[in-house]
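I have placed the structure first, in the form of structure tokens, so that the comments after it can refer back to it.
The values are calculated or read from the model by the stated rules, or taken from the named source; none is laboratory data. Everything numeric here is computed off the predicted structure, so don't read it as measured data. Cβ placement follows ideal geometry from the backbone for every residue including glycine, while neighbour counts extend to all protein chains displayed.
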Amino acid sequence: MNIREIAKRAGVSVATVSRVLNHPEAVAEKTRKKIEEIISEEEYTPNWFARGLNFNKTGTIGLMIPHVLNSVYMEMAKGVEDVANQKEYTTFMCNAEDDRKKEIHYLDQLIKKRVDGIVLISSMLEAEDLKRVKEQNVPLVMVGGCKSNPGFDSVNIDCRLGAEEAVNHLINIGYTKIAILCSKTESHDNKEKIAGYRDELDRVGIPIRSEYIKRVENSIEGGYLGAKKLMEINERPQAIFTTSDNIAFGVMDAIKDKDLLIPEQVAVVGFDNVRLSNLVSPRINTVDTPLHKMGVYGARLLFDIIEDEKKQNEPRTIILQTKLKIRKSCGHKERIGEMF
């Protein structure tokens with residue numbers, strides 16, 4: 001139902017309905033209540049930012065990220081915004097702070113604002129939370145390790161292979177007691193990283209020890225606390241693989257606070273290759289992920305849907321590859337192999 005149909009049913013002009021939506025205080029109470037009841041019954045959502053009646057486009061997209069303070073997500077967000085800017089679109093960025101309830105709230109608000117499309121980065125939303133998106137035919141693309149992907153276009157990385165390569169590198173250097181600190185977030189990416197860690201140990205016959213697998217907050221503090229627990233184990237691990245560079249930074253602090261040397265006594269590997277990983281001492285071995293490119297590809301998929309009047313139904317998936325950055329935190333002896 002549109003605003004004209006509401007006006008016709010209420011027996012008033014379109015201008016009166018518009019005043020109820022924008023300046024309800026200017027409409028007589030009896031008339032206002034009658035129009036509001038019709039709007040409520042029909043679940044009408046006004047298109048506040050309609051840019052053109054012919055195409056019904058607002059020139060806006062929504063972008064939801066887990067946490068604005070995490071540089072990984074901001075790098076992806078920049079990729080999305082770069083493409084949106086080229087398309088002369090405005091981006092509404094929502095900071096969910098790793099809170100599913102906030103994500104649901106923001107998603108509802110973006111739909112009400114009639115954005116032309118939405119990009120979700122590493123979302124915690126379940127399939128049931130995304131039903132309204134499908135019902136409203138809002139184009140949506142999922143970027144990164146989202147918890148659920150019920151038939152939407154998506155861009156992701158091969159996290160399992162990245163984890164396998166990182167653990168394989170440690171094994172080739174000679175480490176056999178390898179621990180993992182993984183983010184508590186129940187995302188697809190985290191599950192794949194743990195699977196890659198397990199797969200590589202299984203492949204070479206190294207026993208998987210439960211005390212070497214710790215779930216922590218995806219932060220420097222989380223890495224610090226997790227590493228402290230690993231350092232207290234009787235048979236301390238020789239190397240620690242982490243599922244993010246932020247966790248790895250905390251691990252390095254904890255190792256140094258124990259007066260242990262990196263990598264001579266404990267080696268460290270991160271994941272993501274954020275800019276700081278090449279600035280700390282020693283420089284961190286890490287799995288490079290094409291963060292900006294993920295955002296760019298996600299936005300391109302979204303605009304493909306927005307600009308396609310037929311709204312193709314077959315979901316597309318793009319999987320990008322990782323690359324191991326060999327530096328100094330694992331004790332690699334061949335400097336020629338060091339990649340910045």
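Below are the figures for this structure:
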| item | result |
| --- | --- |
| Residues (touching an Asp or Glu at 6+ places or on another chain (Cβ under 6 Å) and at pLDDT 90 or above) located in region 287-320 | 289, 291, 292, 301, 306, 316, 319 |
| Test: residue in region 71-82 that is among the hydroxyl-bearing types (Ser, Thr, Tyr), farther than 25 Å from residue 288 by Cβ and crowded, with 20+ Cβ neighbours inside 10 Å | no |
| Condition check for residue 253: surrounded by fewer than 18 Cβ atoms within 10 Å (Cβ to Cβ) and in the same structural domain as residue 193 (by TED's automatic domain parsing) | yes |
| Which listed residue is closer than 18 Å to residue 124 by Cβ, of a type in the set (Lys, Arg) and outside the structural domain of residue 98 (by TED's automatic domain parsing), from 177, 147, 184 | 184 |
| Count of residues meeting criterion [surrounded by fewer than 19 Cβ atoms within 10 Å (Cβ to Cβ) and either of a type in the set (Asp, Glu) or in contact with a Cys (Cβ under 9 Å, 6 or more places away or on another chain) (or both)] in region 83-104 | 5 |
| Tabulated pairs, region 25-41, first in the same structural domain as residue 15 (by TED's automatic domain parsing), second assigned to a helix (DSSP H, G or I) and surrounded by fewer than 17 Cβ atoms within 10 Å (Cβ to Cβ), C-beta under 6 angstrom, 6+ apart or interchain | 32/24; 38/9 |
| Residue tally, condition at pLDDT 90 or above and in a loop (DSSP other than H, G, I, E, B), over region 96-113 | 1 |
| Subset of region 192-226 (residues that are under 13 Å from residue 249 (Cα atoms), touching a residue at least 40 places away in the same chain (Cβ under 8 Å) and among the hydroxyl-bearing types (Ser, Thr, Tyr)) | none |
| Count of region 277-329 residues which are small (Gly, Ala, Ser) and free of Cβ contacts under 8 Å to residues at least 24 places away in the same chain | 1 |
| Subset of region 110-163 that is β-branched (Val, Ile, Thr) and within 25 Å of residue 71 (Cα to Cα) - its residue that is nearest to the chain's Cα centre (by Cα) | 121 |
| Qualifying residue in region 261-272 (condition: in contact with a helix residue (DSSP H, G or I) (Cβ under 7 Å, 6 or more places away or on another chain) and farther than 23 Å from residue 184 by Cβ) | yes |
| Members of region 226-250 that are crowded, with 24+ Cβ neighbours inside 10 Å and over 24 Å from residue 323 (Cα atoms) | 226, 227 |
| Filter result (surrounded by fewer than 21 Cβ atoms within 10 Å (Cβ to Cβ) and at pLDDT 95 or above) within region 177-198 | 177, 194, 195, 198 |
